[in-house]
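Following: one structure in structure tokens, then a few remarks.
The values are calculated or read from the model by the stated rules, or taken from the named source; none is laboratory data. Since the model is a prediction, treat every value here as computed from it, not as a measurement. As a convention, Cβ positions derive from the backbone with ideal geometry for all residues, glycine included, and neighbour counts pool all protein chains shown.
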Amino acid sequence: MSQDKRLQAIQKWLQEILKTGHFTIVPASSDASFRRYFRVVLGAKSWIVMDAPPHKEDVSPFIKIANAFFEQNVHVPEILAYDEKQGFLLLTDFGSIDYLQQLNENSVHTYYKQAIDALIQIQLINKNSMSLPLYDQSLLQREMDLFPEWFLQKHLSISAPEQLQSYFDLLIENALQQPQCVVHRDFHSRNLMDTPDNSPGIIDFQDAVIGPISYDLVSLLRDCYIYWPQNKIDEWLKYYFSQAQQHGLIANNTTLEQFTIWFDLMGLQRHIKVLGIFCRLNYRDNKANYLHDLPLTLHYVKTVCQRYPEQLSGLSHFLEHQVELPTL
């Protein structure tokens, strides 16, 4: 079914749901997957339609997680109607203003405090009630394998260093030794919507897993789309840490220093993966815009390697002397 035919099918489906054909439908956004989103307007009301082609995307994880989050008062879109066979969902509309558009020196503290409070809510969900996949050794490994395949070989035409797997093993061990909780897995400024009430509205959570407690925090604070200086990150990290300990998410005998190590090395795992993903989006999926986000992502990788010379000096040396991004 071509995209135009899918749009026709959506319009037909909406006529049945809304009991009228007097609505307008316009593109709302697309994301790094095969999903598309449309805004449906009828008088003073609006909704979002998710279009997830069934042969490319399975909507069942989204439905399951959205309903579970919604029941726990996490601010996610409510599913008003769906057709799993066709891959159509009708959702409440969080508007079109994400946190990235709103963030500046003056606003960021308020927005990030809201985001951290929302993250704590997600992490307080009983992980045993969710039946989510585990962020286990094999998944962490598969993610990092995108780095040599797509970033080093495909994008830069260079070979991976011999010791790369030993660094990956260190990062896997770091992830698995942390407290494990519900992880959104893409908790950053583009997936947090600035809503009039109960901001942020949280989207793009369908890849949620049970995994390391520092993962979503590092996605937020070391965001691939916006940079903040280390002194600000330290401040937010302390705020999160105190909230997490108060809510029993982190043991009282865990120090801020230990949590910071978890946070830094978790970010390194994430950003190594993301370098591969951004290149794959370009070469495989013809989404070239993500290449513009490689420099900041690589900066995060280099910075963390430099902070931990005892464990990561070899990787740091490789990155400094072998890795140079082509000019776009």
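Annotations for the structure displayed:
- For first residues located in region 286-308 and in a helix (DSSP H, G or I), partners that are of a type in the set (D, E, K, R) and surrounded by 13 or more Cβ atoms within 10 Å (Cβ to Cβ) and lie 6+ apart or on another chain with Cβ distances below 6 Å form the pairs Tyr300/Arg222; Val304/Asp264.
- Residue match in region 37-48 (condition: among the small types (Gly, Ala, Ser) and closer than 21 Å to Ala208 by Cβ): no
- Exactly one residue out of Gln243, Gln206, Gln258 is outside any loop (DSSP other than H, G, I, E, B) and in contact (Cβ under 8 Å) with a residue 12 or more places away in the chain, and it is Gln243.
- Out of Leu319, Leu268, Leu237, sole residue that is within 23 Å of Leu100 (Cβ to Cβ), without any contact (Cβ under 8 Å) to a residue 40 or more places away in the chain and surrounded by 17 or more Cβ atoms within 10 Å (Cβ to Cβ): Leu237
- Here Leu140, Leu91 are screened, and the one residue that is surrounded by 20 or more Cβ atoms within 10 Å (Cβ to Cβ) and assigned to a strand (DSSP E or B) is Leu91.
- Annotation: Ser60 fulfils all but one of (1) modelled with pLDDT of 95 or more; (2) hydroxyl-bearing (Ser, Thr, Tyr); (3) under 23 Å from the mean Cα position of the chain (by Cα); the unmet one is (1).
- Boolean, Gln15 is part of a helix (DSSP H, G or I), out of contact with any Ser or Thr (no Cβ under 8 Å at 6 or more places or on another chain), loosely packed, with under 15 Cβ neighbours inside 10 Å and touching a residue at least 24 places away in the same chain (Cβ under 8 Å): no
- Whichever residue in region 278-294 is surrounded by 18 or more Cβ atoms within 10 Å (Cβ to Cβ) and aliphatic (A, V, I, L, M) and, among such residues, is nearest to Glu143 (Cα to Cα): Leu281
- Among the criteria (1) closer than 29 Å to Ile277 by Cα; (2) surrounded by 12 or more Cβ atoms within 10 Å (Cβ to Cβ), the one Ala9 does not fulfil is (1).
- Some residue of region 174-192 being under 21 Å from the mean Cα position of the chain (by Cα), at pLDDT below 95 and on the phi > 0 side of the Ramachandran plot: no
- Residue match in region 34-45 (condition: in a loop (DSSP other than H, G, I, E, B), farther than 23 Å from Lys287 by Cβ, more than 19 Å from the chain's Cα centre (by Cα) and touching a residue at least 40 places away in the same chain (Cβ under 8 Å)): no
- Selection status of Glu105, in the same structural domain as Asp223 (by TED's automatic domain parsing), farther than 30 Å from Asp169 by Cβ and assigned to a loop (DSSP other than H, G, I, E, B): yes
- Search result, residues across region 155-175 that are in contact (Cβ under 8 Å) with a residue 60 or more places away in the chain and among the aliphatic types (A, V, I, L, M): Leu156, Ile158, Leu164, Leu170, Leu171, Ile172, Ala175
- Members of region 160-196 that are part of a loop (DSSP other than H, G, I, E, B), polar (S, T, N, Q) and surrounded by 16 or more Cβ atoms within 10 Å (Cβ to Cβ): Gln178, Ser189, Asn191, Thr195
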